[in-house]
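Working notes for the structure below.
The values are calculated or read from the model by the stated rules, or taken from the named source; none is laboratory data. All values derive from a computational prediction rather than experimental measurement. For neighbour counting, all protein chains shown are included, and Cβ atoms are generated from backbone atoms with ideal geometry for every residue, glycine included.
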Amino acid sequence: MAADGVAKTPVGILLAAGRGRRFDPSGQNDKLLAVLPSGVPLAVAAARNLRAALPRVIAVIRPQAVELAALLRDAGCEVVVCVDADEGMGAVLACAIQHCVDASAWLVALADMPFISHATYTKLITALAQHDLVAPEFDGRRGHPVGFARRYLDDLLSRKGEHGARQLIVQESTFLLSTNDVGVLRDIDTKADL
């Protein structure tokens, strides 16, 4: 921790509070617990990848996600329950940021994107030391995760609605890190995506 109370290393944020309705419209099965061909649950794979790049990762879950919470803790994450998860990704992001306001920056990843390489995370963390807003780009398309410098603290704390920080990313100058890692675009929306 620096003398000003700000942690020098960015904090990883894993957004894991969505309902996954496209994956299971009935709502009976938690998409983030679905097992990948590797035998690892979806959210655990995403958490491990992010955790391998950053010493501190906060995973935000919805209430009653007891099994998911235990798995994410075992993967090395701090788990935060967002009671306002149904308000949308903006509320979930703000909830996460409230638990690490002392960070120098945040790298925000999605729990349904387990295929992002360690090298991509490392390059984004390096870029975040030089740019205020960073994201990967594959084949001309912006992907995830997205990194935010400390100057966006108030903006992130005030996020609401379903779109999270999307408006902020569109309005601000985002440094796009070109990558050959298709994992930055590959999310799991349906069972066929596994």
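Things to note:
- Subset of the range 37-67 that is out of contact with any helix residue (DSSP H, G or I) (no Cβ under 6 Å at 6 or more places or on another chain) and part of a helix (DSSP H, G or I) - its residue that is surrounded by the fewest Cβ atoms within 10 Å (Cβ to Cβ): Val66
- Residues of the range 69-93 that turn out to be without any contact (Cβ under 8 Å) to a residue 60 or more places away in the chain and on the phi > 0 side of the Ramachandran plot, as a count: 1
- Residue satisfying condition, being more than 28 Å from Lys160 (Cβ to Cβ) and touching a Phe, Trp or Tyr at 6+ places or on another chain (Cβ under 8 Å), within set Ala52, Ala70, Ala75, Ala105: Ala52
- Considering each residue of the range 137-154 in turn, none proves to be at pLDDT below 90, of a type outside the set (A, V, I, L, M, F, W, C) and surrounded by fewer than 14 Cβ atoms within 10 Å (Cβ to Cβ).
- The range 95-105, subset part of a helix (DSSP H, G or I) and touching a strand residue (DSSP E or B) at 6+ places or on another chain (Cβ under 7 Å), residue farthest from Gly18 (Cα to Cα): Ile97
- If you go through the range 175-194 and keep only what is of a type in the set (Lys, Arg) and surrounded by 15 or more Cβ atoms within 10 Å (Cβ to Cβ), you end up with just Arg186.
- Considered as a group, the residues in the range 18-36 that are in a helix (DSSP H, G or I) and of a type in the set (A, V, I, L, M) include one that is surrounded by the fewest Cβ atoms within 10 Å (Cβ to Cβ), and that residue is Leu33.
- The range 121-163: number of residues that are assigned to a loop (DSSP other than H, G, I, E, B) and farther than 17 Å from Ala111 by Cα: 10
- Single residue of Val83, Val108, Val92 found to be among the hydrophobic types (A, V, I, L, M, F, W, C) and either more than 21 Å from Ala149 (Cα to Cα) or part of a loop (DSSP other than H, G, I, E, B) (or both): Val83
- Here the range 68-93 is the region considered, the condition is being buried (at least 20 other Cβ atoms within 10 Å of the Cβ) and in contact with a Gly (Cβ under 6 Å, 6 or more places away or on another chain), and the residue that is nearest to Pro55 (Cα to Cα) is Leu93.
- Hey, Ala96 buried (at least 23 other Cβ atoms within 10 Å of the Cβ) and more than 16 Å from Ile188 (Cβ to Cβ) or not: yes
- Answer residue from the range 164-192, given it is in a helix (DSSP H, G or I) and in contact (Cβ under 8 Å) with a residue 12 or more places away in the chain and is nearest to the chain's Cα centre (by Cα) among those: Val184
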